[in-house]
Amino acid sequence: MLTNRWAVLALIFVTRLAAPLQFQSVAAVAPFLRSELHLSYVQLGTLIGAYSLPGVLLALPGGLLGDRFGTKPTLLGGLGLMAAGGLLLAFGGGYGP
């Protein structure tokens, strides 16, 4: 457990800095996605919505899991799922079937 208040402040700062980068990553590359994958604005909006939807749907169950199993195992499980999703996105062939 972190007891140094400056270390906790630095950790919170880095986390608050990284979270918007995660949420805006698809929107930031939208022009490139449109040109490279020939996406319409509707498909691009669907992609951004699909990217954000799991966070909305899993917030309450994630909190319940954190209460039941503890914060550290829940956090590590969520981190593993995020890494798996990132790898799946990295090795994906394209948008659509």
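Derivation of every value follows stated rules applied to the coordinates shown; laboratory data play no part. Remember, it's a predicted structure, so these values are computed and weren't measured experimentally. Neighbour counts are summed over all protein chains in view; Cβ atoms, including those assigned to glycine, are modelled from backbone coordinates with ideal geometry.
Structural remarks
- Working from label points 7 Å from Cα in the Cα-to-Cβ sense, the Phe32 to Leu89 distance is 1.2 nm.
- Here the stretch 1-64 is treated as a Stokes sphere of Kirkwood radius computed over C-alpha pairs; at 4 °C and 1.567 mPa s its diffusion coefficient rounds to 91 µm²/s.
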